[in-house]
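Novice: Here it is, the structure, as structure tokens.
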Amino acid sequence: MKYFYSTESSSVPDLIAIEEAGLACELIETSKSRNLNIDLLESFNPMSQVGTLVLDDGSVLTQNIAILTYLADLAPGSGLLPAPGERSRYDVLSWLAYSVSDLQKGLGMGFRRKELTSSEAAQAEVLDFFTKMLERFLMRVERSTETLRYVMGEDFTIADCHLYFTLKFIKVLIGGFDKFPNTAAYFERLLGRPSVQRASAIKGDRP
Ligand SMILES: N[C@@H](CCC(=O)N[C@@H](CS)C(=O)NCC(=O)O)C(=O)O
């Protein structure tokens, strides 16, 4: 398999899952600002988005929900995702969809507020809107992690892989997790995970 990624992007959750699952995979760094492997990425994915996974049969898989599910199913003993038919599998997928849609889209718009409007007053309103929205959504993580080590319990799953990424950027956008002590402690547990540290350290051929 080949996996196209860029650092500090939503491809990090897949890098964490590849580490957790112990899968053999060629990692190909891309960068739009450095024009690194963009033409190659586009030849597999016309939207030239990361993550993009190319399977050994040459077929291409995009979108984090599908890629993370696929990677986890390649490693059924990893605990990353319960088997098809098990009730808890759908709870993991619910957490994953929540992180990819409710959290990631909110934080993406918050960070891109300067592209939405040149008015600084309007940018402050946009930031306030998304901060309030994300704080409301964060209550789901806050409640679960009051008693659970990871969002599903003792097992680290593909939902945690993605939540590491969204929480990392939400923390910056909303100015910290002071109002969310359980989330803050959970985020520290994620940071302590060797797979998260290894995936975050992958910098491709960047000097
Ligand atoms: N919904 C997609 C989001 C993928 C995405 O937004 N990737 C961004 C990086 S975080 C990207 O490649 N942006 C470059 C572009 O759109 O030109 C997923 O979950 O995989």
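Novice: Mind checking the full-extension length gain between Glu188 and Glu42? Use 0.36 nm per residue of separation minus the Cα-Cα distance, one decimal, nm.
Specialist: Details: separation 146, 0.36 × 146 = 52.56 nm, distance 3.57 nm.
Length gained between Glu188 and Glu42: 49.0 nm.
Novice: By how many nm would the segment from Phe129 to Ser33 grow when fully extended, if each residue of separation counts as 0.36 nm and the alpha-carbon distance is taken off? Walk me through the intermediate numbers first.
Specialist: Numbers: separation 96, 0.36 × 96 = 34.56 nm, distance 2.95 nm.
Here the answer is 31.6 nm.
Novice: Pairs Lys2/Lys171; Lys168/Lys203; Lys32/Lys171; Lys2/Lys105; Lys114/Lys179; Lys2/Lys203: which exceed 20 Å Cα-Cα? Don't jump to the answer; show the numbers that get you there.
Specialist: Values: Lys2/Lys171 31 Å; Lys168/Lys203 17 Å; Lys32/Lys171 25 Å; Lys2/Lys105 26 Å; Lys114/Lys179 26 Å; Lys2/Lys203 16 Å.
Violating the 20 Å Cα-Cα cut-off are Lys2/Lys171; Lys32/Lys171; Lys2/Lys105; Lys114/Lys179.
Novice: Provide, for q = 0.20, 0.24 Å⁻¹, the log10 of I(q)/I(0) from a solvent-free Debye sum over equal Cα point scatterers in segment 140-207.
Specialist: The Cα Debye sum returns log10 ratios of -0.81, -1.09.
Novice: Once R0 is set to 45 Å, what does the formula 1/(1 + (r/R0)^6) return for the Cβ-Cβ distance between Ile65 and Thr117, expressed as a FRET efficiency to the nearest 0.05? Could you put the intermediate results ahead of the total?
Specialist: Values: r = 31 Å, r/R0 = 0.68.
Plugging the Cβ-Cβ distance into 1/(1 + (r/R0)^6) gives 0.90.
Novice: Excluding the sites themselves, what is the longest stretch of the chain that contains no trypsin sites (Lys or Arg not before Pro) in a DSSP loop with at most 16 other C-beta atoms within 10 Å? Please report the intermediate quantities before stating the final value.
Specialist: Details: sites that count: Lys32, Arg34, Arg112, Arg149, Lys179, Lys203.
With a cap of 16 other Cβ atoms within 10 Å, the longest stretch comes to 35-111.
Novice: When the Kirkwood hydrodynamic radius is evaluated over all pairs of different C-alpha atoms of the chain, what value in angstrom, to one decimal, is obtained?
Specialist: Here the Kirkwood hydrodynamic radius works out to 17.8 Å.
Novice: Could you sort Cys161, Cys25 by accessible area so the largest value comes first, with the probe set to 1.4 Å?
Specialist: Numbers: Cys161 0, Cys25 30 Å².
So, going from the largest accessible area down, we get Cys25, Cys161.
Novice: For the chain, which span is the longest to avoid every loop-located (per DSSP) member of GluC sites (Glu not before Pro) having at most 15 other Cβ atoms inside 10 Å?
Specialist: Numbers: sites that count: Glu8, Glu86, Glu146, Glu154.
Between exposed loop sites, the widest span is 9-85.
Novice: Further, regarding this structure: Label point 7 Å out from Arg198 along Cα-to-Cβ: which residues of segment 1-35 have amide N under 12 Å?
Specialist: Once the point is set 7 Å along Cα→Cβ of Arg198, 15-25 turn out to lie under 12 Å by backbone N, inside segment 1-35.
Novice: Next up: When Rg is the radius of gyration of the Cα atoms in segment 87-193 and Rh is its Kirkwood radius, what does Rg/Rh come to? Mind dumping the intermediate values first?
Specialist: Details: Rg = 14.4 Å, Rh = 14.3 Å.
Value, to two decimals: 1.01.
Novice: While we're on this one: Putting +1 on Lys and Arg Cβ atoms and -1 on Asp and Glu Cβ atoms, find which of Gly106, Ser11, Ser195 reaches farthest to the positive end of the dipole of the chain.
Specialist: Gly106
The values are calculated or read from the model by the stated rules, or taken from the named source; none is laboratory data. Fair warning: this is a prediction, and the values are worked out from it, not measured in the lab. Cβ atoms come from the backbone with ideal geometry, glycine included; neighbour counts cover every protein chain shown. Each accessible area value is taken on the protein alone, full model and side chains, heavy atoms only, with ligands, DNA and RNA left out. Shrake-Rupley method; radii C 1.70, N 1.55, O 1.52, S 1.80 Å.
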